[in-house]
1. Between Glu43 and Ser80, 0.36 nm times their residue separation minus their Cα-Cα distance comes to what?
2. Tell me, what is the FRET efficiency for Gln21 and Thr115 to the nearest 0.05, using R0 = 30 angstrom and their Cβ-Cβ distance as r?
3. Pairs of Cα atoms under 8 Å, at least six residues apart: use those to get the relative contact order of the chain, whole percent.
4. Wrap a convex hull around the Cα atoms of the chain, take a quarter of its surface area, and give that in square nanometres.
5. If you scale each eigenvalue of the Cα gyration tensor by 5 and take the root, what three semi-axes come out for segment 1-101, rounded to whole angstrom and sorted largest first?
6. Quick one: if you stick a label point 7 Å off each Cα along the C-beta vector at Lys89 and Leu178, how many nm between them?
7. Evaluate the relative contact order of segment 9-129 (contact order divided by residue number), counting alpha-carbon pairs under 8 angstrom at least 6 apart; express in whole percent.
8. How far, in nm, would the chain grow between Lys134 and Ala230 when pulled straight, counting 0.36 nm per residue and subtracting the alpha carbon separation?
Amino acid sequence: MSANPFPDEQSLYEPVEAFWQSQGYEVKGEVKDCDVVAIRAQEEPVLIELKLSFNIQLLTQAARRKKISSTVYVAIPEPSQRKRASDWKMICRAMNIGLLFVTSEYIVLEVVTPTSRTTSKPIRKSKKRKALMKEFSTRKSNQNRGGSTRKKLLTAYREQAITIAYSLIQHEQGLSALDVRKQSGVVRTSDILRTNVYGWFERHDPKLNLKGKQPRPFYTITETGKLEYADWNTKWTNPMQENNLKLPES
């Protein structure tokens, strides 16, 4: 058996995702720099780091994740040498980090279980922990594959920006921020339109009307917004179903 039959870290994601889903966990990839996050009910979140080899970088990442959750795993391809596997198990037990081996048949073996799953008290809820939990709960889709590098990720913020873009595409004459919020259901509409992180939106300030009153500013979608919306629209199934929106064909 080849020691490393996996082309990249992303190839480890699906078997690891299925492993945790089979135990009743909701799983999402690439959440606040964590390769994989698994959550079940009110339990401590499980954080999993994916790597093609067991090395100091992987252990450093796992140690950092323990500041967010006391239950951290590393997942790597199953080694071909028993001595190497034995050494890795010893290191993980010493660090109280779980260890998952992914076989060439894409079967996940839990070879080290951290004691934190049953005995340790949950760690203090840090700012990073709160940010991770917020991103996990707010994000509607699970389109990111854990282990992704140098790729744009579908974050909760981007989902909301795309929902807003959809509303503006449907109303080319433009909409006020209030109307966009009503159309899209995105609570943070005003903030997203104002900061315009991706350069998708353009603000227009109408002149005074005949009564001398200032009409509300309105927003339209830019050409960049249309192009990037069309690009995102071809990459994943509609994550906005809970808002009863249907993405138009690009």
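1. 9.9 nm
2. 0.80
3. It comes to 16 percent, rounded to a whole number.
4. 16.3
5. That gives 21, 16, 12 Å for the three semi-axes.
6. 6.6
7. Averaging sequence separation for qualifying contacts and normalising by length gives 21 percent for segment 9-129.
8. This chain segment gains 31.8 nm when fully extended.
Each reported figure results from applying straightforward, stated rules to the coordinates on display, with no laboratory input. Remember, predicted model here, so these are calculated numbers, not experimental data. Note that we place each Cβ from the backbone using ideal geometry, even for glycine, and neighbour counts take in every protein chain shown.
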